[in-house]
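Below is one structure, written out as structure tokens, with a few remarks after it.
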Amino acid sequence: MKLYYCLLLVAASLSASADQSNWVPLKIKLPAPVFAGTPKEAPQGIVVESPNLRPPVIMVPPNARNIAPLAKITSSDKNATAASLAKITDGDKEADEDSIVELKKGLQWIQFDFRHPADIYAIAIWHAHDLAKIYRSVIVQVADDKDFTENVRTLFNNDTDNSSGLGAGTDRQYFETFQGKEINAKGTRARYVRLYSHGSTDSAMNEYTEVEIYGEIH
């Protein structure tokens, strides 16, 4: 019985590997840039990735789609209304003031509930990009329960000093631009996605313009 189970696991692994042979590069429609040139220097002691760095190509199955609009969105900011949170997935990524969803000061999160497990391949985040600011404690996690106590996995974390209390991250901080931030989720399966931030170098408020999550809901 154990041998049969092992063979099933090997077969599943080989099948998953074979399936990736027809994966395609993720293509994301970008908003218009609103500034040009090199951003001002980052605060002392912060290691920031080059704003001119081309993001690595993320491969996804050909049938992967943006499932973020299908999710129920909640936030740690109880003053954030359902109507305002819905703007995070309305397709408007432009840097206009009307496109920005603002959450209160401190470490805050927004959470996506797909109601069923989903295979998540990529997450694209646009904070407010009206100017080149650096958002602090940008952390992306997935979990199997809404309280994030079961099977929590971290996909991105640039909180290097663990000021968030969620663990020290190894990812670099970055200037927010029209390109946003693309994160390779590598097909991880989860029902919930949670995004953290703790203000920026421009404001203590937490600002989002758009989030896209590419995957398949089961």
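The values are calculated or read from the model by the stated rules, or taken from the named source; none is laboratory data. Bear in mind the structure is a predicted one, so any value in this text is a computation, not a measurement. Reconstructed Cβ throughout: ideal geometry from the backbone, glycine too, with neighbour counts over all protein chains shown. Accessible surface areas use protein heavy atoms only, side chains included; no ligands, DNA or RNA. Shrake-Rupley method; radii C 1.70, N 1.55, O 1.52, S 1.80 Å.
Figures for the structure shown
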{"quantity": "Any pair with Cβ under 7 angstrom, 6 or more apart, that starts in segment 160-182 at a residue that is in contact (Cβ under 8 Å) with a residue 40 or more places away in the chain and ends at one that is of a type in the set (Asp, Glu) and assigned to a loop (DSSP other than H, G, I, E, B)", "calculated": "172/49; 174/49"}
{"quantity": "Selected residue [of a type in the set (Lys, Arg) and in contact with a Gly (Cβ under 9 Å, 6 or more places away or on another chain)] from 136, 115, 194", "calculated": "136"}
{"quantity": "For residue 157: the one exception among (1) within 15 Å of the chain's Cα centre (by Cα); (2) surrounded by 20 or more Cβ atoms within 10 Å (Cβ to Cβ); (3) at pLDDT below 95; (4) not aliphatic (A, V, I, L, M)", "calculated": "(3)"}
{"quantity": "Hits in segment 165-195 (condition: touching a Leu at 6+ places or on another chain (Cβ under 7 Å) and open to solvent by less than 20 Å² (accessible area, probe 1.4 Å))", "calculated": "183, 185"}
{"quantity": "Scan of segment 25-51 for residues that are without any contact (Cβ under 8 Å) to a residue 40 or more places away in the chain, more than 20 Å from the chain's Cα centre (by Cα) and surrounded by 10 or more Cβ atoms within 10 Å (Cβ to Cβ), ordered by number", "calculated": "38"}
{"quantity": "Yes/no for residue 139 being touching an Asp or Glu at 6+ places or on another chain (Cβ under 7 Å), under 20 Å from residue 192 (Cα atoms), open to solvent by less than 60 Å² (accessible area, probe 1.4 Å) and β-branched (Val, Ile, Thr)", "calculated": "yes"}
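Rundown of residues vs (1) touching a His at 6+ places or on another chain (Cβ under 6 Å); (2) at pLDDT 95 or above, yes/no style:
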| residue | (1), (2) |
| --- | --- |
| 106 | no, yes |
| 130 | no, no |
| 137 | yes, yes |
| 142 | no, yes |
| 147 | no, yes |
| 150 | no, no |
| 183 | no, yes |
| 191 | no, yes |
| 217 | yes, yes |
